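Notes follow the structure.
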Amino acid sequence: MSETTDRSLLLRGITKSYETGAGGSKTVLEGIDLHIGPGELVVLLGANGSGKSTTLKIASGMIAPTAGEVQIGRTDITQMRGETRRQSRMKLGMVFQDARLIRRRSVLSNVLCGTLGRHQNIATALGFLPQSERPLAMACLERVGLGALAGQRASTLSGGQAQRVSVARALAQKPSVILADEPVASLDPESAEEVMTLLTTVARNERLAVLCVLHQIDLARRHATRLIGLKKGHIAFDLPASEVTDTMISTLYTRDAP
Amino acid sequence: MTRTDIRPAPDSGNIMVSRFSSGTFLGWGGAATLLFILAQAAHNTQVSPTNLITGAGRIVDIVGRAVPPDWSQLPSEWGPTRETIDIALIGTALGAILACPLALLSARTLVPNPVIRMLARSIVALLRAVPDLVWALIFVTAVGLGPFPGVLSLILHTAGMLGRLGAEMIEDMDVMPLEAMELAGANRLQIFIHGILPTLMPSMFGLILYRLDENLRCSLVLGFVGAGGLGFQLFTAISLFQYRTASLLLLMILVIVLIVETSSSAIRKRLM
């Protein structure tokens, strides 16, 4: 396991249960331990309902775990509230299934929106985007290969381009960790390959920890440094991509006999 | 090539007949009910083709006395024309400003507190429910004749209409990009300024232009109850049997309405 640095993500003993009414509860995640070091792109695999999205939501702070802790670098973000929680969120860049851009704004403005967390001042409250971050935003756009489209309205982009802009927006946050929730689910194979290559490059070159939920096994095998298989809320395997066999993967998707 | 047997199943004929019968019965029953409702409405509102035919002569007589329009009155009607346009402009602008907080406070996606939301929605409902003509009558009584009561009534009615439509627009907007901004560390004010406003403004501006279009027509009618402008001039001309002046005013109204309608629709198309 890699050492804990500022650019790493650690989930320790994560359990998540939901109340089902009449005093009952359903556990969707139990005792999840995982660590992603800088430069690693780790893919979470598993059937629907295995707990992949819940893991990602807990890692991002969107939902709180019933037990366990989430650490970005050496900071435990699980118990954080208010301003400190908002500050800690900035260390997490999110890439969603859909790009979630402000469609009526330009590509550059969308990337600059990723820097707003660092600029809580009157100028941004009055509608001005932080101009001091323009070089960084342009550099992020160049990094995803879309510098030429900076002035274009976001609504005119293709699905693949929009997703690359959302990666640029995440990079503009200067994150320690990137969480990607099915980032290629709505893309054609060519665009999917482009986005995954981009995430791999970002993880390697920027030395970021990237945790990605994917359903495309072949893409996961090609791009991940490690694969984590989830089944019924437990980790079934956590191995380098080259060591994961087809049988291991197929057991994730087969239903157990009742 | 195989042949497809398209004969109906042995008992399908009976099913068809019974469905046809019940459908026909419902259709005729519905038509008869609708006819009855319309007939009683016509009776209550004293719709009478005989009266229309008898009155047609008088309408032709009035039209005859209204042409040609009295062009000599044209210079003296510029003032009321400008007043009508100004009533619509200022009424729409101030109404839109008042509508903004009402729309924001009425939207479920922005205001989780049900008490505040219900209060804002009640105000919006009241402003919309009372017709602008009634508001004008109230304000004419309160502040006297002239354009000001017309402006006040348009402000309130516009605030009600835009408040409701704006709230619906906010509730219908895609919140996912806003969630992404929040997760990136933006605070609530930044999300509103940089996420919600840019998304809503073009549509909201389109709505305001549409309202301006409507308000121009409303401001003409408001003149009939003493709220100034061309409407007041038209009411006076008809009351004094000055039909040639009335026809001139109607022509002017037509031209203004067409100009505002065409330009607002062109701007709205560019915005969307």
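The values are calculated or read from the model by the stated rules, or taken from the named source; none is laboratory data. In this text, all values refer to a predicted model and were calculated from it rather than measured experimentally. When we count neighbours, we look across all protein chains shown, and the Cβ atoms used for this are built from the backbone with ideal geometry, even at glycine.
In table form, for the structure just shown:
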item	result
Tabulated pairs, segment A:227-246, first crowded, with 19+ Cβ neighbours inside 10 Å, second among the small types (Gly, Ala, Ser) and in a strand (DSSP E or B), C-beta under 9 angstrom, 6+ apart or interchain	A:Ile228/A:Ala236; A:Gly229/A:Ala236; A:Leu230/A:Ala236; A:Gly233/A:Gly31; A:Ile235/A:Gly31; A:Ile235/A:Gly229; A:Val244/A:Gly229
Odd one out for B:Arg188 among (1) more than 28 Å from A:Ala180 (Cβ to Cβ); (2) within 14 Å of chain A (Cβ to nearest Cβ)	(1)
Residue within segment B:256-266 that is modelled with pLDDT of 90 or more, touching a Leu at 6+ places or on another chain (Cβ under 7 Å) and either part of a helix (DSSP H, G or I) or surrounded by 22 or more Cβ atoms within 10 Å (Cβ to Cβ) (or both) present	no
Considering residues of segment A:77-94 that are at the interface with chain B (Cβ under 8 Å from one of its Cβ atoms) and part of a helix (DSSP H, G or I) only, the residue farthest from B:Thr199 (Cα to Cα)	A:Gln87
Some residue of segment A:164-182 being more than 14 Å from chain B (Cβ to nearest Cβ) and at pLDDT 90 or above	yes
Residue under evaluation B:Ala129, criteria (1) buried (at least 24 other Cβ atoms within 10 Å of the Cβ); (2) more than 14 Å from chain A (Cβ to nearest Cβ); (3) of a type in the set (Gly, Ala, Ser), criterion not met	(1)
Filter result (within 8 Å of another protein chain (Cβ to nearest Cβ) and not in a helix (DSSP H, G or I)) within segment A:104-132	A:Arg104, A:Arg105, A:Gly114, A:Gln120, A:Leu126, A:Gly127, A:Leu129
Residue within segment B:165-176 that is acidic (Asp, Glu), within 20 Å of A:Ala125 (Cα to Cα), within 14 Å of another protein chain (Cβ to nearest Cβ) and out of contact with any Pro (no Cβ under 8 Å at 6 or more places or on another chain) present	no
Filter result for A:Gln97 (under 23 Å from A:Glu182 (Cβ atoms), polar (S, T, N, Q) and part of a loop (DSSP other than H, G, I, E, B))	yes
Count of segment A:59-76 residues which are among the small types (Gly, Ala, Ser) and away from chain B (no Cβ under 13 Å)	4
